[in-house]
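First the structure, in the form of structure tokens, and then the observations on it.
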Amino acid sequence: MKNKILNLIFQLIESFIRNISGRLGVFLRRVYYSKRFSVCGESLIIEEGVIIQGVGDIFVGNNVWIDKYCILIAGKVDTDSIRVKIKKNKNYHYKDGELHLGDNIHIAPQCIIQAHGGVSIGDNSGFSSGVKVYSFTNLPDSPDGKITHFSPLGNPYYLSSQISINENVGIALNSIVLSGVTIEKNSFIAPNSIVITTIKENSFASGNPAKKIKDRFKNYGENG
């Protein structure tokens, strides 16, 4: 009962501070979420309209800027009550359901990071507006080949697999990153791309599915 009351109080506070604009809003959200995140570094900026769920499973480094109207969701899903295929990503080094944001990260407006499976984002990385990252998604079919329903009300199958986005990665406008993906360091994902497989280090990748088009940085071996 006590936990339910506390959760209700937290929800009311979050609803109140979410849409306060300007410096006052940024200050209030910094004070509140720096206490509620599992780990929070210095110089956190959370703009107005940001929705955050599962705060206890979110770990934030220094100089993180979460821009307007983003949605961040963390916390492991109870897989006992639903049908889930779990696929491990060897490049992800944290617990399932956790969201880890490194240092010097900007998440532009209207991005979604859904970390029910687990998501880590390395230092000096950035997302352009409209980027979506999903570590827990519907499967289009069932492992046994039988007909299933896609609606959550029809008890569908899900895929849970961690996502590892390494340091100095840029993901451009409206791109989507799906379960189990690793984007290696110093890579760039072009606008409107859909990433479903690993993107190797120093790649400029584009398309659906996203594939390496060229090296991101020339003479990479000399300065990478």
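Nothing in this text is a laboratory measurement; each read-out follows from the coordinates by a stated rule. Note that the structure is predicted; figures quoted are calculated from it, not measured. Cβ coordinates were reconstructed from backbone atoms using ideal geometry, including for glycine residues, and neighbour counts include every protein chain displayed.
Summary table
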quantity	calculated
For the chain, built as a Gaussian network whose Cα springs stay under 10 Å, the top-fluctuating residue of Gln114, Gln162, Gln11	Gln11
Spin-label model distance (nm) - Arg36 vs Ile86, 7 Å beyond Cα toward Cβ	2.8 nm
Residue-averaged [θ]222 nm for the chain, counting only DSSP H segments that reach four residues, each worth -39500 (n - 2.57)	-5000 deg cm²/dmol
Debye log10 I(q)/I(0) at q = 0.14, 0.17, 0.22 Å⁻¹ for the stretch 59-157, Cα point scatterers	-0.61, -0.83, -1.13
The stretch 115-224, Rg to Rh (Cα coordinates; Rh as Kirkwood inverse mean 1/r)	1.06
Whether the stretch 8-50 is rounded, prolate or oblate, judged on the alpha carbon gyration tensor where a/c under 1.5 counts as rounded	oblate
Residue among Ile189, Ile86, Ile171 with the largest mean-square fluctuation in a Gaussian network model of the chain, springs linking Cα atoms under 10 Å	Ile86
Under the Karplus curve 6.51 cos²θ - 1.76 cosθ + 1.60, θ = phi - 60°, whole-Hz ³J(HN,Hα) for the stretch 157-171, x wherever Gly or Pro sits	8, 10, 10, 10, 7, 5, 10, 10, 10, 7, 6, 6, 10, x, 10
Alpha-carbon Rg/Rh ratio, for the stretch 2-216, with Rh computed the Kirkwood way	0.98
